[in-house]
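The values are calculated or read from the model by the stated rules, or taken from the named source; none is laboratory data. Only a predicted model underlies this, so the values are computations on that prediction, with no experimental measurement involved. Please note: Cβ atoms are built from the backbone with ideal geometry, for glycine as well, and neighbour counts cover all protein chains shown.
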Amino acid sequence: MNLLITGGAGFIGSNYIISHIKNKPEDRIINLDKLTYAGNLENLRSIEGNKNYQFVQGDICDERLVDFIIKNNEIDTIINFAAESHVDRSIANSAPFIQTNIEGTRVLLDAALHNGKIRFHHISTDEVFGHLSPSDEPFSEKTPYDPRSPYAASKASSDHLVRAYFTTHGLPITISNCSNNYGPYQYPEKFIPLAITNILEGKKIPLYGKGAAIRDWIQVEDHNRGVELILEKGKPGETYLFGGGGEMAGIDLARMIINLMDASEDMIEFVSDRPGHDMRYAINSDKSQKELGWKKEVEFEKGLADLIDWYKKNESWWKKLK
């Protein structure tokens, strides 16, 4: 394949590129990334000299650039990882989220459509579904959309746009919605890397409210294996969900990290809750398991312990970001 990966210098995208090149070295990858604060080429040092990999700095909203890349590299597959993704930042200023997540997706869809109906996979989030009460069934592919933050609303909008191009134009699209990812190279504003690095620095872990919000966590390699399976086996027009299968309240996650790092619970600092805070996410991955043969391979506590070790060994990577 000749792949255009957007947002490939970010957390999930960079992990995907490294894994794909390792497993399918004959494929060619063009990585288009704007290099905002969360994009980091150091994530990709291990493969930057690979003859089948090329980085292009640019914006997915730049129609001429996107069209030029596709035409001049015979792109046959686009995977859209590019997104503004931090909820707190979207509450402070939604404009970049609307621009990148909606308009950027529109540009990519038009480019795919006008260059021979290129295969298009769109990476989304479980946050488009809103939130759950303790007794609600987990999200599935049939759950109605109910976004509750500007970030979630922008991703929901892009999902609808992607589906519309399938229905209206017959563009061969697929969508995946996943639970919270964790793993190497995650920008340290997100909770798990923030908690780990704060403890390493002797700082407290900020926890919203009383830490009651429940999240489901998936290791980034488990998520990206799902994306690969969608490219191999996914049906055009379909959506697939990937979850870690282990719900956990924020306070319990903070305590798990503290225990794994031999720290003290007085490292937790409760802070004012996020406006409109979603209280529970959970994902039913049955469809992905049945149709794609996907399953989670990394148990959460083991994955978390490995990640703590990674941050200990890669202090030079995260300290400059903080």
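As a summary of the residue check, Asp278 satisfies the conditions (1) at pLDDT 95 or above; (2) closer than 21 Å to Pro206 by Cβ except for the one numbered (1). Annotation for the range 171-185: no member residue is free of Cβ contacts under 8 Å to residues at least 60 places away in the same chain and either surrounded by fewer than 19 Cβ atoms within 10 Å (Cβ to Cβ) or part of a strand (DSSP E or B) (or both).
Yes/no matrix, rows are residues, columns are (1) assigned to a helix (DSSP H, G or I); (2) more than 22 Å from Leu200 (Cβ to Cβ); (3) β-branched (Val, Ile, Thr):
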| site | (1), (2), (3) |
| --- | --- |
| Ile251 | yes, no, yes |
| Ile257 | yes, no, yes |
| Asp262 | no, no, no |
| Asp266 | yes, no, no |
| Lys290 | yes, yes, no |
| Ala305 | yes, no, no |
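Restricting attention to the range 269-288, the residues being surrounded by 12 or more Cβ atoms within 10 Å (Cβ to Cβ), part of a loop (DSSP other than H, G, I, E, B) and hydroxyl-bearing (Ser, Thr, Tyr) number 2.
When Leu194, Leu241, Leu207 are checked against the criterion of being part of a strand (DSSP E or B), of a type outside the set (D, E, K, R) and under 30 Å from Met267 (Cβ atoms), a single residue qualifies: Leu207. When Val128, Val107 are checked against the criterion of being touching a Cys at 6+ places or on another chain (Cβ under 8 Å), β-branched (Val, Ile, Thr) and outside any loop (DSSP other than H, G, I, E, B), Val107 stands alone in meeting it. Of all the residues in the range 193-206, those that are farther than 16 Å from Lys313 by Cβ and surrounded by 21 or more Cβ atoms within 10 Å (Cβ to Cβ) number 2.
For the range 112-137, a residue qualifies if it is out of contact with any strand residue (DSSP E or B) (no Cβ under 9 Å at 6 or more places or on another chain) and either modelled with pLDDT under 95 or among the acidic types (Asp, Glu) (or both), and the qualifying residues are Ser135, Glu137. Output the residues belonging to the range 1-38 that are basic (Lys, Arg) and in a strand (DSSP E or B). Passing the criteria: only Arg28. The sole residue among Ala305, Ala249, Ala254 that is among the hydrophobic types (A, V, I, L, M, F, W, C), closer than 19 Å to Gly211 by Cα, surrounded by fewer than 18 Cβ atoms within 10 Å (Cβ to Cβ) and in contact (Cβ under 8 Å) with a residue 24 or more places away in the chain is Ala249. Which one is surrounded by the most Cβ atoms within 10 Å (Cβ to Cβ), of the residues in the range 59-72 that are part of a loop (DSSP other than H, G, I, E, B) and out of contact with any strand residue (DSSP E or B) (no Cβ under 6 Å at 6 or more places or on another chain)? It comes out as Asp59. Scanning the range 124-136 for any residue that is under 22 Å from Glu232 (Cα atoms), surrounded by fewer than 21 Cβ atoms within 10 Å (Cβ to Cβ) and in contact (Cβ under 8 Å) with a residue 12 or more places away in the chain turns up nothing.
Looking across the range 73-106, just one residue is closer than 18 Å to Asn31 by Cα, of a type in the set (Ser, Thr, Tyr) and surrounded by fewer than 19 Cβ atoms within 10 Å (Cβ to Cβ), and that is Thr77. For beta carbons closer than 7 Å, sequence separation of 6+ or different chains, a first residue in the range 206-232 that is closer than 12 Å to Leu292 by Cβ and a second that is among the polar types (S, T, N, Q), the qualifying pairs are Gly226/Ser176; Gly226/Ser288; Val227/Ser176; Ile230/Thr174; Ile230/Ser176; Leu231/Thr77.
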